[in-house]
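Comments concern the structure below.
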Amino acid sequence: LISGVPSSASNVSFTADTTTHLTLYWSPPTENINCIVKYIVKINDQQIETNVTSLSVPNLTIGSVYNVTVYSQDSDSRSGSTSELLTVTWKVPLPVSALSWNISEIDGNTSIILIWEHEEDSSRPPIQHFFVSHNISEPWNTTTMNSSIILTGIKRENTYVINISAVNILGESLPQEIEAIINEVSTIMNQISSTTSTTITTTSTFVYSSLFQE
């Protein structure tokens, strides 16, 4: 660090405001801050000047990746150290994964309890909720902030298809599809990967005599 030159800006972050707009934020340097006259924000190959610790960035393109760094300058046009790199991945969320399930009787209704995991990618706009669509009973589409859901109205000798996707301000992830085949003595659930063509099949034996009494 050159004597008298500001140290580096830090804590560069962003918020997603609309599908084409974000706001960048950062913390000012901790050394020689009084000599700062402006910040220079580099976004890929573009440089933008500002005299405050935030910047509105419009005209974003879904599917693009933006690399952001920030540095300050003093009145003699001497530059401070460059901040750490912030990568903004302007994309829909990653798909949900690691699904698990169980059949249960809840308040007299036979239900599927679904639990899933989701790896949050901090470079993408944050998840707002999960979207679940199915053919079990109305309502056919459901949103939840949780990583689990209970779907009631299960009947034997039926096949149910359930899709789960993560949603952020830019849209839905690829859905994770589950096919549940309900028989009287067993259930077969197929988890169809949303990222590959591989089908993962798990079979669980479950006696339904207490759940499906006529």
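Selection of the stretch 97-132 for residues being of a type in the set (A, V, I, L, M) and in a strand (DSSP E or B) yields ALA98, LEU99, ILE103, ILE106, ILE112, ILE113, LEU114, ILE115, VAL132.
Within the set of pairs 6+ apart or on separate chains, which have a first residue in the stretch 13-24 that is in contact (Cβ under 8 Å) with a residue 60 or more places away in the chain, a second that is basic (Lys, Arg) and surrounded by 19 or more Cβ atoms within 10 Å (Cβ to Cβ), and C-beta atoms under 9 Å apart? What qualifies is ALA16/ARG124.
For first residues located in the stretch 147-159 and of a type in the set (D, E, K, R), partners that are at pLDDT below 85 and open to solvent by 60 Å² or more (accessible area, probe 1.4 Å) and lie 6+ apart or on another chain with Cβ distances below 6 Å form the pairs ARG156/GLU184.
Here are SER83, SER100, SER72: which of them is open to solvent by less than 60 Å² (accessible area, probe 1.4 Å) and modelled with pLDDT under 85?
Numbers: SER83 fails: modelled with pLDDT under 85; SER72 fails: modelled with pLDDT under 85.
Every option except SER100 fails the conditions.
One line per residue, one yes/no per condition, for (1) open to solvent by 60 Å² or more (accessible area, probe 1.4 Å); (2) in a strand (DSSP E or B):
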{"site": "PHE14", "(1), (2)": "no, yes"}
{"site": "ASP17", "(1), (2)": "yes, yes"}
{"site": "THR23", "(1), (2)": "no, yes"}
{"site": "ILE40", "(1), (2)": "no, yes"}
{"site": "GLU49", "(1), (2)": "yes, yes"}
{"site": "SER56", "(1), (2)": "yes, yes"}
{"site": "LEU60", "(1), (2)": "no, no"}
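Residue-wise test of (1) of a type in the set (Val, Ile, Thr); (2) modelled with pLDDT of 90 or more; (3) surrounded by 13 or more Cβ atoms within 10 Å (Cβ to Cβ).
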residue	(1), (2), (3)
THR142	yes, yes, yes
MET145	no, yes, no
SER148	no, yes, no
ASN158	no, no, yes
THR201	yes, no, no
PHE212	no, no, yes
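Residues in the stretch 117-131 that are modelled with pLDDT under 95 and open to solvent by less than 40 Å² (accessible area, probe 1.4 Å): 0 in all.
The values are calculated or read from the model by the stated rules, or taken from the named source; none is laboratory data. From a predicted model like this one, the values you see are computed outputs, not experimental measurements. Every residue, glycine among them, receives a Cβ derived from its backbone with ideal geometry; neighbour counts consider all protein chains shown. The accessibility values were calculated without ligands, DNA or RNA, using every heavy atom of the protein model including side chains. Shrake-Rupley method; radii C 1.70, N 1.55, O 1.52, S 1.80 Å.
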